[in-house]
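Comments concern the structure below.
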Amino acid sequence: MAAAGVLVGAMAVAGAAQAQIAPRSKAPLDIAADESEILTAECKSIWRGDVEALQARTRLRTRTLNVFAAKKGGECGETERLVAEGDVHYAEGERRVKADNAVYTARSETITLTGDVVVVEGQNVARADRVVINLQTGQSQMFSNAKGRGSKSRVRAVFYPSGKPE
C-alpha cells in the first residue's frame, strides 16, 4: 500500500508538471534515467544517470535533470523550469547544442545554456560561454566572459553561405 502511494505521488509530480523540451509540442515527454527521485512536497523530480528526454523530434541528454513544477495550494501545477546539469546535449531539428548546463524556463520559453557552449547547425558552428535561445521567436543570443581582440574565448562562429566549405 505504501509503494502504491509513492507511485501515485510520483505520477502526480511528473504528470502535472507537463514538462516541455520541444517548442510548442503536444507530444508526450519520455524521460529515461538510471534513477529518479520525486519530492512531492517540493513539486520537484530529479532524474540521475545518463538521462535522456525525448519529445517529438527533440532530444535532451544530460547527467542530471531537475524538473520543477509550480505549487498551487497543496498540489503541483505546470512546469516552471527544467535544469540540466552536466554534459548537456540538446538536439532540435538541424540544430545541435553542447554545454555544461542548461535551464529551460517555461514562462519565457527560453533555454539558457552555459559553460563551453557549442552550437552546430549543418556545417555552421558557433561557440560561446552562454547562449540564450527564445523558443517562441527562434532568436538566439551568445555571450562570452572574455573581452577584447586578443582574447581566445570570445564569441565565435564560422558560417558557410552555400552550406559547403571550399
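Please go through the range 30-56 and pick out each residue that is hydrophobic (A, V, I, L, M, F, W, C), within 30 Å of Q139 (Cα to Cα), out of contact with any Phe, Trp or Tyr (no Cβ under 6 Å at 6 or more places or on another chain) and modelled with pLDDT of 90 or more. Result: A32, I46, W47, V51, A53, L54.
Looking at L113, is it in contact with a Pro (Cβ under 7 Å, 6 or more places away or on another chain), under 19 Å from A84 (Cβ atoms) and of a type outside the set (G, A, S)? Considered against the rule, which asks whether it is in contact with a Pro (Cβ under 7 Å, 6 or more places away or on another chain), under 19 Å from A84 (Cβ atoms) and of a type outside the set (G, A, S), L113 comes out as no.
Given the criteria acidic (D, E), out of contact with any Gly (no Cβ under 9 Å at 6 or more places or on another chain), in a strand (DSSP E or B) and within 23 Å of V158 (Cβ to Cβ), does D116 qualify? Spelling it out, D116 is indeed acidic (D, E), out of contact with any Gly (no Cβ under 9 Å at 6 or more places or on another chain), in a strand (DSSP E or B) and within 23 Å of V158 (Cβ to Cβ). Residues of the range 113-145 that are surrounded by 12 or more Cβ atoms within 10 Å (Cβ to Cβ), more than 19 Å from E92 (Cβ to Cβ) and of a type outside the set (D, E): G115, F143, S144. Kindly establish whether A27 is small (G, A, S), in a strand (DSSP E or B), under 22 Å from L135 (Cα atoms) and at pLDDT 70 or above. For A27, the condition - small (G, A, S), in a strand (DSSP E or B), under 22 Å from L135 (Cα atoms) and at pLDDT 70 or above - is not met.
Do you know which residues across the range 53-93 are touching a strand residue (DSSP E or B) at 6+ places or on another chain (Cβ under 8 Å), among the charged types (D, E, K, R) and in contact (Cβ under 8 Å) with a residue 24 or more places away in the chain? Across the range 53-93, the qualifying residues are R57, R59, R61, R63, K71, E78, E80, R81, D87, E92. When R96 is tested against the conditions (1) under 30 Å from L39 (Cα atoms); (2) of a type in the set (D, E, K, R); (3) surrounded by 14 or more Cβ atoms within 10 Å (Cβ to Cβ), the lone failure is (1). In the range 67-84 there is at least one residue matching the filter, namely being of a type outside the set (D, E), crowded, with 18+ Cβ neighbours inside 10 Å, under 24 Å from G115 (Cα atoms) and in contact with a Lys or Arg (Cβ under 6 Å, 6 or more places away or on another chain). Among the residues of the range 45-60, at least one is polar (S, T, N, Q), assigned to a strand (DSSP E or B), more than 14 Å from the chain's Cα centre (by Cα) and crowded, with 17+ Cβ neighbours inside 10 Å.
The values are calculated or read from the model by the stated rules, or taken from the named source; none is laboratory data. All figures in this text were calculated on a predicted structure; none of them were measured in a lab. So basically every Cβ, Gly included, is an ideal-geometry build from the backbone, and we count neighbours across all protein chains shown.
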